[in-house]
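Participant: Please read through the structure below; I'll follow up with questions.
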Amino acid sequence: MSHSLSDRLRWTSWSQPKRGYADHEYEDAFSANPTLGRFAVADGASESAFAGDWARCLVRHFALHSSEHTRRHEWYPDARHEFDRLLSNRSLPWYLEEHRRQGAHAAFLGVTLTPHDTHTWDWQAIAVGDCCLLHLRDSQLLLSFPLTSSRDFTQLPHLIDSRWDSLPVAR
């Protein structure tokens, strides 16, 4: 009997807006596609306008694409096009037009899980900024990616800019 990948994965997500903010002001995002083993989180940068919209576009398109698109970042142009369409369909007051030109920004983490055998999994991840993947077992930290220490967190993390034509490739 064969089982789908989603039958083998258990996942949970939680979210909450910043203290003092309403649910519609939430600027972070997550998306899961257990059928493809793809999960993503994005932390919209509060300093940029439309950060929540940008974060939602990033995670949605990462989760929707198959894993062979991960290495080539082929999911990214679709996220950018959706974001551009979303903003172009809005009638914005004059003072938000400049914010639109400045772009939106978000930290991002996407991970793809694939079964290695009946008991173990392989993973591949992409990260920009300070969104982190933590691998825990029995309350013990086995691995963190891309940051490995609390000292690595800064006030100015790298962010994905909605104006980029493509994601920069780390060497």
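Participant: Take Ser66 and Asp23, extend 7 Å from each Cα along the Cα→Cβ direction, and tell me the distance between the two endpoints in nm.
Facilitator: Placing both labels 7 Å beyond Cα along the Cβ direction yields 3.6 nm.
Participant: Can I ask one more? Accessible area, 1.4 Å probe, largest first: how do Phe50, Phe83 sort?
Facilitator: Phe50, Phe83
Participant: Also, quick follow-up: With a 10 Å cut-off between alpha carbons and a GNM built on the chain, which of Asp130, Asp23, Asp161 moves the most?
Facilitator: Among Asp130, Asp23, Asp161, the largest mean-square fluctuation in the Gaussian network model of the chain belongs to Asp23.
Participant: How much accessible area per residue does region 27-130 have, counting only protein heavy atoms and a probe of 1.4 Å, in square angstrom?
Facilitator: Here the residues of region 27-130 average 49 Å² of exposed surface.
Participant: Also, quick follow-up: Quick check: the angle from helix 75-88's long axis to the longest principal axis of the chain, C-alpha only, nearest 10 degrees?
Facilitator: On a 0 to 90 degree scale, this one is about 30.
Participant: Still on this structure: Could you grab the relative contact order for region 80-171? Cα pairs under 8 Å, six or more apart, rounded to a whole percent.
Facilitator: 28 percent.
Participant: Okay, moving on. Could you sort Thr154, Thr112 by accessible area so the largest value comes first, with the probe set to 1.4 Å?
Facilitator: My answer, sorted largest first, is Thr154, Thr112.
Participant: Could you rank Tyr26, Tyr76 by how accessible they are, 1.4 Å probe, largest area first?
Facilitator: Tyr26, Tyr76
Participant: Leaving ligands, DNA and RNA out of it, work out the accessible area of Leu36 with a 1.4 Å probe and give it in Å² to the nearest 10.
Facilitator: Around 60 Å² of this residue is reachable by solvent.
Participant: Normalised by the number of residues in region 13-112, what is the relative contact order in percent for Cα pairs under 8 Å and 6+ residues apart?
Facilitator: After rounding, I find 33 percent.
Participant: A follow-up question, please. Say the dipole of region 26-68 comes from +1 at the beta carbon of Lys and Arg and -1 at that of Asp and Glu; which of Ala51, Tyr26, Phe39 then lies farthest toward its positive end?
Facilitator: Phe39
Participant: Right, next: For Ser15 and Arg85, calculate 0.36 nm times their separation in residues minus their Cα-Cα distance, and state this gained length in nm to one decimal.
Facilitator: 22.6 nm
Participant: May I pose another question? Taking 8 Å as the Cα distance limit and 6 or more residues as the minimum spacing, I'd like the relative contact order of the chain as a percentage.
Facilitator: 20
Participant: Within the accessible area of the chain, what % is carbon and sulfur when the probe is 1.4 Å and the other protein chains stay in place?
Facilitator: C and S fraction of accessible area: 51 percent.
Participant: With +1 on the Cβ of every Lys and Arg and -1 on the Cβ of every Asp and Glu, and nothing else charged, how large is the dipole of region 10-151 about its Cα centre, in debye rounded to the nearest 20?
Facilitator: So the magnitude is around 60 debye.
The values are calculated or read from the model by the stated rules, or taken from the named source; none is laboratory data. Quick caveat: nothing in here was measured; it's all calculated off a predicted structure. As a convention, Cβ positions derive from the backbone with ideal geometry for all residues, glycine included, and neighbour counts pool all protein chains shown. Surface accessibility is based on the protein's heavy atoms, side chains included, excluding ligands, DNA and RNA. Shrake-Rupley method; radii C 1.70, N 1.55, O 1.52, S 1.80 Å.
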